[in-house]
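Q: If you scroll down you'll find the structure; I have some questions about it.
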Amino acid sequence: MRVYHEDADGSGVVYHANYLKFLERARTEWLRAAGFEQPELAARHNVAFVVRSLAIEYVRPASFNDELAVTVELAELKGSQIVLAQRITRAGTELARASVRIACVNTASFRPVRIPSAISGALRRCAAN
């Protein structure tokens, strides 16, 4: 993904909170690659994935017009939670890394529920490829 002017502060450096948007976009594409659209998860399975916690370490700054690669790696999948390891790089240089804990919740109650087996199986297969 490309860093746009709106992502940077006055000095052209990416504002720290905008890294979270980059990570979110990559997670959405990761789910899509596994065969799931978020509205479909809600409509068909009555579940949604929400960020429960996130730890991020900023290593180097990104700047306006940089081309970034944002990766998603399945670190853990059990019960109602997924832990993802994410990295943001520029030309192979690490800029940020994050550990993101995702909870699977029921769309009506927003209470944690077990990840449906069809979804967890597809995520495991996607991670193995």
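Q: Condition test on residue 27, is it modelled with pLDDT of 95 or more and closer than 21 Å to residue 115 by Cα?
A: yes
Q: Consider residue 74 carefully, then state whether it is in contact (Cβ under 8 Å) with a residue 60 or more places away in the chain and under 17 Å from the mean Cα position of the chain (by Cα).
A: Here the answer is no, as residue 74 does not meet what is asked.
Q: Does residue 120 count as on the phi < 0 side of the Ramachandran plot and at pLDDT 95 or above? Break it down into steps so the answer makes sense when it comes.
A: On the way: on the phi < 0 side of the Ramachandran plot: yes; at pLDDT 95 or above: no.
For residue 120, the condition - on the phi < 0 side of the Ramachandran plot and at pLDDT 95 or above - is not met.
Q: Another one. Please pick out the residue among 52, 114 that is farther than 23 Å from residue 14 by Cα, at pLDDT 95 or above, in contact with a Cys (Cβ under 8 Å, 6 or more places away or on another chain) and not hydrophobic (A, V, I, L, M, F, W, C).
A: None of the other options fit; the residue is 114.
Q: Does segment 77-97 hold any residues that are surrounded by fewer than 20 Cβ atoms within 10 Å (Cβ to Cβ) and either within 9 Å of the chain's Cα centre (by Cα) or not hydroxyl-bearing (Ser, Thr, Tyr) (or both), and which are they?
A: 77, 78, 79, 81, 83, 85, 87, 90, 91, 92, 94, 97
Q: Looking at 43, 69, 55, which is the one that is over 23 Å from residue 125 (Cβ atoms) and surrounded by fewer than 17 Cβ atoms within 10 Å (Cβ to Cβ)?
A: Values: 43 fails: over 23 Å from residue 125 (Cβ atoms); 69 fails: over 23 Å from residue 125 (Cβ atoms).
Only one candidate qualifies: 55.
Q: Right, something else. Has segment 13-28 got any residue that is closer than 20 Å to residue 78 by Cα and either in contact (Cβ under 8 Å) with a residue 40 or more places away in the chain or of a type in the set (Lys, Arg) (or both)?
A: Among the residues of segment 13-28, at least one is closer than 20 Å to residue 78 by Cα and either in contact (Cβ under 8 Å) with a residue 40 or more places away in the chain or of a type in the set (Lys, Arg) (or both), which makes the answer yes.
The values are calculated or read from the model by the stated rules, or taken from the named source; none is laboratory data. These numbers come from a predicted model, not from an experiment. Virtual Cβ from ideal backbone geometry, glycine too; neighbours counted across all protein chains shown.
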